[in-house]
Amino acid sequence: MFWHKLLWIRFFRTLTISVLFFMLIIDMAWAQEKEMAALAPMGALGEFTEMEKQIIFNSLQESLSTHYALASQKAFEAALTQAFEELDYEECTEDQCFALIQQILQADNLFLFSMTREGNFTQLSLTRVNLDSHRLVRTDDCENCGIKQLNTKVVGLVLKIIEEDKFSNAQKKLTAEADTQSEKSPTTDNTWHYVAVSVTLVSALLSYNAANSYNDLSAKNTTLATQYANSSSSSEKAAYKSEYDSNAAQMKSYKSSMQTWDILTLLGLGWEAYLLMSDDSDSSAVNSGNVQSPFIPQLAFQTHPYGTQTVLRWKRSF
């Protein structure tokens, strides 16, 4: 029984590590796919030295290139010249010129950066223009700031826009997935499969950790029992016995935890097996099949005039 349990623990440990490794590879591959972007020459209003402007602009380029595939300034100048040649003076509005430049450079995003200074007060402004000519503007300001502080604020502006993009893209992705899901057959939804697998993996991992802790305390108690038998001092024996009893109590707690997590692991496996066996393409619910279980909720779709709604149905008979 012990070796059977150990094999199961090792199996789930290997499976967990494999899943995490696979997710890491996917995450790294996604991170390497950067969107194309272009950066217009910096605008500056107020008293700025050329060295100060160049240092800050360099920091901006470095920060943007971390998150985007940034076109060179020479490529931007060439695209700007081409845009002026292709558009008449009246046609070359700001939005039209920017759109044409993005088209020439194949850039999904165009960044505009400017600095304004009045006395000791400095304001920084970073604008992102996407292919739909939608603008996202973020500003920051400070008083009596040196170049180092301004560089930090420039990086902060880039991160603000990146976070806005992540939030916006996440919303668009959720909306697109919801629209796609409403068009698909309900059986294509894998929500409960993911939940069942997650419960199984997490429970197995927690059981494995509890088993490790139990084994460590068991080894300590074996050593304490030997020390107790070899000791001739009553005070040492009392200390060994006290520690032994404390470890035994903890072992009892860990054993109870192992049993609980093992039960949850088996339930997760059983749940996943049920979902796999009950998948039915002709069913009107996601995880409903010919078997009607009172313990497994049925993920179903209800169509209303205002859209499609996902609901849970519990099949209970009284």
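The values are calculated or read from the model by the stated rules, or taken from the named source; none is laboratory data. Not measured: the values here are computed from a predicted model. Virtual Cβ from ideal backbone geometry, glycine too; neighbours counted across all protein chains shown.
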- Message: So if I check each of Leu275, Leu205, which one is surrounded by 14 or more Cβ atoms within 10 Å (Cβ to Cβ), modelled with pLDDT of 85 or more and in a helix (DSSP H, G or I)?
- Response: Leu205
- Message: Where the second residue is among the small types (Gly, Ala, Ser) and the first is in the same structural domain as Gln149 (by TED's automatic domain parsing) and lies in segment 120-133, which pairs have Cβ atoms under 7 Å and are six or more apart or on separate chains?
- Response: Ser125/Ser114; Ser133/Ala99
- Item | Where a residue in segment 139-164 is over 8 Å from Leu124 (Cβ atoms) and its partner, wherever it lies, is among the aromatic types (Phe, Trp, Tyr) and surrounded by 13 or more Cβ atoms within 10 Å (Cβ to Cβ), with Cβ under 6 Å and at least six apart | Glu143/Phe121
- Positions within segment 61-97 being among the hydrophobic types (A, V, I, L, M, F, W, C), within 33 Å of the chain's Cα centre (by Cα) and surrounded by fewer than 19 Cβ atoms within 10 Å (Cβ to Cβ), in sequence order: Ala69
- For segment 115-124, indicate whether the set of residues that are among the small types (Gly, Ala, Ser), at pLDDT 90 or above, part of a strand (DSSP E or B) and over 25 Å from the mean Cα position of the chain (by Cα) is non-empty. no
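Take the conditions of a type in the set (A, V, I, L, M), assigned by TED's automatic domain parsing to the domain that holds Leu60, assigned to a helix (DSSP H, G or I) and surrounded by 12 or more Cβ atoms within 10 Å (Cβ to Cβ) and apply them to Val158. Does it pass?
Spelling it out, Val158 is indeed of a type in the set (A, V, I, L, M), assigned by TED's automatic domain parsing to the domain that holds Leu60, assigned to a helix (DSSP H, G or I) and surrounded by 12 or more Cβ atoms within 10 Å (Cβ to Cβ).
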